[in-house]
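Engineer: Okay, here's the structure, questions in a sec.
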Amino acid sequence: MQKPLINRFIVGPLGVNCYVVADPATKEACVIDPGADGAKIKSFIKKNLLDLKFIINTHGHGDHIAANKELGAPIFIHARDKDCLTDPKKNMSAGIFMFDIVSPKASRLLEDQDVIKLGGLELKVLHTPGHTKGSISIVLDNVIFTGDTLFQGGMGRTDLAGGDEEEILRSIREKLLVFKDDTIIYPGHGGPSTIGGERSAYAS
């Protein structure tokens, strides 16, 4: 079986990592965290003859959801962050950006251990709260899209509404560090890393 296609776009003023993930056999694709630059993402999908099936938001902050509407695909998000999609105060855009960000409502509410089919691929949902109550990470083979839970050399901030430092540390230690050291992490900001590369920082 061919490896999944994974393409990263750095979008928006806060430098969010948006990922286009596709099954090379069926050309079915999803977009993870389209935070801005919807036209560029759509152009890439069209140029590569991909069939966009859905959007996954790893959490509901405005910098990760701003291009949801422009892409026009079904939106998947954890149940505890669903209200962030349509409420600029809850998605923080009312206080951070010069305009309110409002996304369409979710088409599917995700829970821990859900499996999402994408062609012949299976994406597994891990509920990894701490940055927000509904933060999730997405596992695909030996890759984890960690959103704003775990970065290269750090973790997500916990001083915003819904953040909890103890909770994010528990998510990292109990949900992410259980994977093998060579597991690649693709975070919501910054460059990629591995579980092994981040493990020592979170030793109990």
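Engineer: Restricting to the range 32-57, count the residues that are closer than 25 Å to Lys82 by Cβ and of a type in the set (S, T, N, Q).
Structural biologist: Summing the residues that are closer than 25 Å to Lys82 by Cβ and of a type in the set (S, T, N, Q) in the range 32-57 gives 1.
Engineer: Restricting attention to the range 90-108, does a residue exist that is at pLDDT 95 or above, surrounded by fewer than 20 Cβ atoms within 10 Å (Cβ to Cβ) and of a type in the set (Asp, Glu)?
Structural biologist: So far as the range 90-108 goes, no, none of its residues is at pLDDT 95 or above, surrounded by fewer than 20 Cβ atoms within 10 Å (Cβ to Cβ) and of a type in the set (Asp, Glu).
Engineer: Going by the structure shown, is Asn17 surrounded by fewer than 22 Cβ atoms within 10 Å (Cβ to Cβ) and either over 15 Å from the mean Cα position of the chain (by Cα) or within 19 Å of Ser137 (Cβ to Cβ) (or both)? Steps first, please.
Structural biologist: Working: surrounded by fewer than 22 Cβ atoms within 10 Å (Cβ to Cβ): no; either over 15 Å from the mean Cα position of the chain (by Cα) or within 19 Å of Ser137 (Cβ to Cβ) (or both): yes.
No; evaluated as a whole, the condition is false for this residue.
Engineer: Condition (residue is within 24 Å of Asp83 (Cβ to Cβ) and at pLDDT below 95) applied to the range 14-30: is it met by at least one residue?
Structural biologist: Looking for residues that are within 24 Å of Asp83 (Cβ to Cβ) and at pLDDT below 95, one finds at least one in the range 14-30, hence yes.
Engineer: Is it the case that Gly191 is surrounded by fewer than 18 Cβ atoms within 10 Å (Cβ to Cβ) and either within 24 Å of Phe9 (Cα to Cα) or at pLDDT 95 or above (or both)? Talk me through it step by step, then tell me what you get.
Structural biologist: Details: surrounded by fewer than 18 Cβ atoms within 10 Å (Cβ to Cβ): yes; either within 24 Å of Phe9 (Cα to Cα) or at pLDDT 95 or above (or both): yes.
The answer is yes for Gly191.
Engineer: Right, here's the next one. Go through (1) closer than 24 Å to Ile185 by Cα; (2) touching a Ser or Thr at 6+ places or on another chain (Cβ under 7 Å) for Arg157 and report which single condition fails.
Structural biologist: The single condition Arg157 does not satisfy is (2).
Engineer: Among Ile41, Ile56, which is surrounded by 17 or more Cβ atoms within 10 Å (Cβ to Cβ), more than 16 Å from Arg108 (Cα to Cα) and among the aliphatic types (A, V, I, L, M)?
Structural biologist: Details: Ile56 fails: more than 16 Å from Arg108 (Cα to Cα).
On inspection, the qualifying residue turns out to be Ile41.
The values are calculated or read from the model by the stated rules, or taken from the named source; none is laboratory data. These figures come from a predicted structure and were not determined experimentally. All Cβ positions, even for glycine, are placed from backbone atoms using ideal geometry, and neighbour counts span all protein chains on display.
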